Amino acid sequence: MEDAAVLCEEFLRRYTGTRKGVIRVATSLAHPPQVSCEEAAGLLYLHLTSDVRRLSGLLHYDVVDVATGSVVSSGDFDAVVEPGSSAVVNCAPLDFTMLRNCVLLLAFCEHGATLKAVPPIFPCACEGVYATNLQLLHDPKYLTFGRPTFTTQIKSFTTSSVEVEVTLTGAVALFVWLSLEGNHAHFSDNGFTMVPGSIVLCCQLETHNAEEFQRALRVWSL
């Protein structure tokens, strides 16, 4: 393994010219594409950062009221980002000062990808989606959150794993955490921000009673 690492570094050194270039290439390989935003002069700017690929697709945004979970505004932009670079996609026509109690949901997808297939959790990854992000538009202490309502339903059950559907209604929920009372369960995802919708998670656990699992399941959020 050491010889392979030396050869790889030597190749990258010759390709990039410097050891700093080696580090930069290795870092870019380790980081997936990212999508974010910033505010300037009262307007909202959307940013994309690529990995080693040239990315072409659709950047979709939703402005969501954290108290009700309703979509206040939405839009789409065609976007192209060259390998290892970043770009300002567009200036969204949003009055930043009016979005007092909202979060911004961003999804950068391949052309033709179905946005409805993007899970309602952030961050997330799925087929046809380069990157997603959820950003608060104001400091959390200035936001008025509603009371999220969670419901759960077992979709499939075996003695070694359980698939459970978690549905959120009523509000945006920060740091959603699933646990099983009296058990150390491992879920396929945990500790995420969720917007109204449904997500199916897998739990690896040896259990023989679906009703006991349902009774022990707890869903928490901030």
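The values are calculated or read from the model by the stated rules, or taken from the named source; none is laboratory data. As the structure is a prediction and not an experimental result, all values here were calculated from the model. Cβ atoms come from the backbone with ideal geometry, glycine included; neighbour counts cover every protein chain shown. Heavy atoms of the whole protein, side chains included, go into the accessibility calculation; ligands, DNA and RNA do not. Shrake-Rupley method; radii C 1.70, N 1.55, O 1.52, S 1.80 Å.
Among residues that are loosely packed, with under 15 Cβ neighbours inside 10 Å and either within 16 Å of THR149 (Cα to Cα) or of a type outside the set (Asp, Glu) (or both), ALA210 is included. Residues in the stretch 120-150 that are surrounded by fewer than 18 Cβ atoms within 10 Å (Cβ to Cβ) and small (Gly, Ala, Ser): ALA125, GLY128, GLY146.
Note on the stretch 176-189: among residues that are in contact with a strand residue (DSSP E or B) (Cβ under 7 Å, 6 or more places away or on another chain) and open to solvent by 40 Å² or more (accessible area, probe 1.4 Å), the one that is modelled with the highest pLDDT is TRP177. Residues in the stretch 137-172 that are hydrophobic (A, V, I, L, M, F, W, C), touching a helix residue (DSSP H, G or I) at 6+ places or on another chain (Cβ under 9 Å) and closer than 24 Å to ALA210 by Cβ: 4 in all.
Kindly evaluate LYS141 against the criterion of being part of a helix (DSSP H, G or I) and at pLDDT below 80. So LYS141 does not fit the description; no. All conditions but one from (1) in contact with a helix residue (DSSP H, G or I) (Cβ under 8 Å, 6 or more places away or on another chain); (2) of a type in the set (A, V, I, L, M, F, W, C); (3) within 22 Å of THR68 (Cα to Cα) apply to LEU205; the one that does not is (3).
Give the residues of the stretch 154-175 that are under 25 Å from LEU137 (Cβ atoms) and either open to solvent by less than 10 Å² (accessible area, probe 1.4 Å) or in a strand (DSSP E or B) (or both), sorted by residue number. The answer is LEU168, THR169, ALA171, VAL172, ALA173, LEU174, PHE175. The C-beta contact set for the stretch 36-51 (first residue in contact (Cβ under 8 Å) with a residue 40 or more places away in the chain, second residue charged (D, E, K, R) and outside any loop (DSSP other than H, G, I, E, B), distance under 6 angstrom, 6+ apart or interchain) comprises TYR45/GLU38.
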